[in-house]
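Contents: one structure, followed by commentary.
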Amino acid sequence: MNILVVNGPNLNLLGTREVNVYGHETYQNLVDMINDHATKNNYYVEIYQSNHEGGIIDIIHENFRRFDGLVINPGAYSHYSYAVYDCLKAINIPAIEVHISNIATREPFRKKLVTKAACRAMISGRGFNGYLEAIDMLIKGEWNL
């Protein structure tokens, strides 16, 4: 199985950005964790990050045909980007949205999730492990739990 992982704005600052919310682990720690999981579980993964809405859309457009599933953390775009929503609706592979923090307990604007409706499932508040859970769901085809 081939999995595409796309991360949105500010995730490149993990480890220094709001450590009380996101912790001290870095973006490279996240990438390494996902790559290690791929090696141990015999699947192929490519991981991308962009701070730009159009960059996220371009990454998905340019790559989705080569993958069986998508894990996406759209960052703040999840709360208002109909462009990312439309992109997710346009592709023919299952997508699972992931958020490192528990967005339900954060600022009120984070409770509105535009992109969630274009995904098969959403995982929030599980830290970096949320990515692995999303990947495992895609591999097992268990996104409709």
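The values are calculated or read from the model by the stated rules, or taken from the named source; none is laboratory data. This is a predicted model, so every value here is computed, not measured. Note that each Cβ is placed from the backbone with ideal geometry, even for glycine, and that neighbours are counted across all protein chains shown. All accessible areas refer to the heavy atoms of the entire protein, side chains included, with ligands and DNA or RNA removed. Shrake-Rupley method; radii C 1.70, N 1.55, O 1.52, S 1.80 Å.
Here are the numbers for the structure shown:
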{"read-out": "Shape category assigned to the chain from the gyration tensor of Cα positions, a/c cut at 1.5", "value": "rounded"}
{"read-out": "Size of charge dipole - the chain - debye, nearest 20, with Cβ of Lys, Arg +1 and Asp, Glu -1, no other charges", "value": "400 debye"}
{"read-out": "Value of Rg to Rh for region 81-145 (Rh from inverse mean 1/r over Cα pairs, i.e. Kirkwood)", "value": "0.97"}
{"read-out": "Of all accessible heavy-atom area on the chain, the percent that carbon and sulfur account for (1.4 Å)", "value": "48 percent"}
{"read-out": "Helical mean residue ellipticity (222 nm; -39500 (n - 2.57) per DSSP H run of 4+; nearest 500) of the chain", "value": "-10500 deg cm²/dmol"}
{"read-out": "Phi to ³J(HN,Hα) by Karplus 6.51 cos²θ - 1.76 cosθ + 1.60 over region 68-78, Hz, x for Gly, Pro", "value": "8, x, 10, 10, 10, 10, x, x, 4, 4, 4"}
{"read-out": "Heavy atoms of M33: accessible area, 1.4 Å probe, square angstrom to 10", "value": "50 Å²"}
{"read-out": "Region 1-56, Cα convex hull volume normalised per residue, Å³", "value": "76 Å³"}
{"read-out": "Rel. contact order, % - alpha carbon contacts under 8 angstrom, at least six apart, region 1-128", "value": "28 percent"}
{"read-out": "Computed label-point distance, nm, for sites D68 and A90 using a 7 Å Cα→Cβ extension", "value": "2.6 nm"}
{"read-out": "Where labels lie 7 Å past Cα in the beta-carbon direction, separation of K111 and Y80 in nm", "value": "1.8 nm"}
{"read-out": "E18 - accessible surface, heavy atoms, 1.4 Å probe, Å² rounded to 10", "value": "80 Å²"}
